[in-house]
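> Before I ask anything, let me first share the structure, which is written out below as structure tokens.
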């Protein structure tokens, strides 16, 4: 079994803050760019940063002819698709046809999807009743936070299709984390860089096809927002994501999705002056209870005091 350590919990919390803050960053960037263009630029910038970082530290992917080389490269390309390019495209299209909260609910289903996939694909990630109950309680917390408005009909012709597309995007993220866990051992910085390069190659043509090339230079604030999105919740987050899924497993990583809406709402209130929903406290309680139940064994080991050794005379 994989047992998360204090470092793993810290990484999980850091990812939650960065992904939560990215919603605020995207809302600012949308003042000057289309959603797919934002995705393409932030992924490309993240790729450039990680490639420079990998080269400066002399980290590289193994040759295709090396042992497991083909498998590792295939995993990096698959993760670039399933963890970045494909879900960004799917969500960019679907959010024009569904209530804004539905995308948040669908992303909160990722831990359940990950748990199901990992049960069959990863030996040490079997479903247990306690883990399932904890994840369901955490999911209920997200439902309480977002509220029934997420399920209101928008009247769009393609609304039902778009809802399925949102769930497909959540499934993509789950598959991406499984792929990263099953990948043979490889330098994580080089792997993360290759993943974002692959995602850039995939999403840039789609962004140009859907939204075209910018016809004028955007203002400073949206441009700065895209740069920050590329540095923190893309480049840095990609390294942390790979590290965490390799150390603690995809099911543990997926729990970040329960933190994201909490941080998104809290930071929106703090930085943008948005109102805090009355359901925030109850949602937070449910999410924390769900985390505690699903990770009870890990938390017990985390805070258990080591047995003191007694000297014999």
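Bear in mind these aren't lab numbers, they're just calculated from the coordinates by the rules spelled out. The structure displayed is predicted, hence computed values, not measured ones. Virtual Cβ from ideal backbone geometry, glycine too; neighbours counted across all protein chains shown.
> PRE reach from residue 274 (point 7 Å along Cα→Cβ): which of segment 147-188 fall under 13 Å by backbone N?
Correct set: 147.
> Next question, about the same structure. Per residue, how big is the convex hull around the C-alpha atoms of the chain? Give it to me in cubic angstrom, could you?
Cα-based convex hull of the chain, divided per residue, equals 180 Å³.
> I would also like to ask the following. Add -39500 (n - 2.57) for each DSSP H run of 4 or more in the chain, then divide by its residues: what number comes out at 222 nm, to the nearest 500 deg cm²/dmol?
-23000 deg cm²/dmol
> I would also like to ask the following. Please tell me the relative contact order of segment 63-190 in percent, rounded to the nearest whole number, where contacts are Cα pairs under 8 Å and at least six residues apart.
This gives 47 percent for segment 63-190.
> If you project the alpha carbons of segment 238-288 onto the principal axes, what extent comes out on each, in Å, largest first?
Computed over the Cα atoms, the extents are 37, 24, 9 Å.
> Cα-Cα pairs above 17 Å in segment 203-274: how many percent?
Considering segment 203-274, 67 percent of its Cα-Cα pairs are separated by more than 17 Å.
> Pairs of Cα atoms under 8 Å, at least six residues apart: use those to get the relative contact order of the chain, whole percent.
RCO, the chain: 40 percent.
> Pairs of Cα atoms under 8 Å, at least six residues apart: use those to get the relative contact order of segment 140-285, whole percent.
Across segment 140-285, relative contact order equals 51 percent.
> Let's test the formula: R0 of 45 Å, r as the Cβ-Cβ distance of residue 57 and residue 154. What FRET efficiency results, to the nearest 0.05?
Working from the Cβ atoms, E equals 0.40.
> Related question: Can you sort 27, 57 so the residue with the fewest Cβ neighbours within 10 Å comes first?
57, 27
> I would also like to ask the following. What is the fewest-to-most order of 153, 279 by other Cβ atoms lying within 10 Å of their Cβ?
Ascending Cβ contact count within 10 Å gives the list 153, 279.
> Which value, in Å³ per residue, describes the convex hull spanned by the Cα atoms of segment 130-276?
Convex hull volume per residue, Cα atoms: 178 Å³.
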